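This report concerns only the one structure given below.
Since every read-out is calculated from the coordinates, none of them should be taken as a lab result. For clarity, every value in this text was computed on a predicted model and none was experimentally measured. Using ideal geometry, Cβ is built from the backbone for each residue, glycine included, and neighbour counts are taken over all protein chains shown.
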């Protein structure tokens, strides 16, 4: 039996999957032919998507470092995706050994992998949930066993909100999450936008609409993403292209629009 067959038991391999497509974009092996076909349809319109995925990985490293410097030791990684070489708990614990991390997803592929690979030890958990039900998520007993919601926490919304249409009220759900967090908490959002590539919006969005079964919902721009940070103090340099967010070298921020993921970190102020 192939490696693919062994880990795929009980998992639908006939339909493309977001997590497995992302795995393909970053050069991983946890994907099926149907995922690669859908990913290649995206790459045919926007070959830079593979570079965008790599830039996103580099941002992950930078933002965890920043959050730890702010004194954050608790992380909720929403829409965490498949385990990779840059997992949040490993990044955080390389800087603060007592870091606590909860990975959250609704995808059975992600949950199966995460529970087998990531959920080892009392300071890491993998739970089922999502941003569309924030109160239910924060009440999850497995999450509460790891995360102390009386202390600041960082919530990572990496590439999650871009798949949720306005009709599902994502802005309201983020606001509910914000209100439930203690002062000093941070919300990190990354989101694909089409300001610099408007001609790519419709063909790419169509791929994901078909995959997710959405009949509506469209691409967002920086202007329409900004309200996700309402009620938060947007950390410098603000809501910017991923290459522009605190790059390790000024040379790494050149041609930022070529990686059209925007990122921002919002801090919840005290009362």
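Stretching residue 135 away from residue 233 to a fully extended chain increases their span by 33.1 nm, per 0.36 nm per residue minus the current alpha-carbon distance. In terms of its alpha-carbon gyration tensor, the range 1-152 comes out prolate; a/c meets the 1.5 threshold, and the first ratio a/b outweighs b/c.
Mind checking the full-extension length gain between residue 254 and residue 212? Use 0.36 nm per residue of separation minus the Cα-Cα distance, one decimal, nm.
Details: separation 42, 0.36 × 42 = 15.12 nm, distance 3.38 nm.
Full extension from residue 254 to residue 212 adds 11.7 nm.
The modelled label-to-label distance for the pair residue 202/residue 149, using points 7 Å beyond Cα in the direction of Cβ, is 4.4 nm. The helix-based estimate of mean residue ellipticity at 222 nm for the chain, built from -39,500 (n - 2.57) per DSSP H run of four or more residues and divided by its residue count, is -11000 deg cm²/dmol to the nearest 500.
With r defined as the distance between the Cβ atoms of residue 195 and residue 37 and R0 fixed at 22 Å, what FRET efficiency is calculated, to the nearest 0.05? Could the numbers behind the result be given before it?
Values: r = 28 Å, r/R0 = 1.28.
Working from the Cβ atoms, E equals 0.20.
With a simple spin-label model that places each label point 7 Å from the Cα along the Cα-to-Cβ direction, the separation between residue 96 and residue 29 comes to 3.5 nm. Note on the range 98-166 and the range 12-71: Cα centroid distance 19 Å, given to the nearest whole angstrom. A Gaussian network model of the chain, with springs between Cα atoms under 10 Å, assigns the largest mean-square fluctuation among 71, 114, 130 to 71.
Does anything in the range 168-192 have its amide N under 19 Å from the 7 Å Cα→Cβ label point of residue 15, and if so which residues? Residues 168 qualify, since their backbone N sits under 19 Å from the label point. What is the spin-label model distance, in nm, from residue 57 to residue 120 if the labels are put 7 Å beyond Cα along the C-beta direction? Between residue 57 and residue 120, the simple spin-label model gives 2.0 nm. Beta bridges per DSSP, both residues in the chain: antiparallel share near 35 percent. Across the chain, Cα-Cα distances exceeding 28 Å account for 32% of all pairs.
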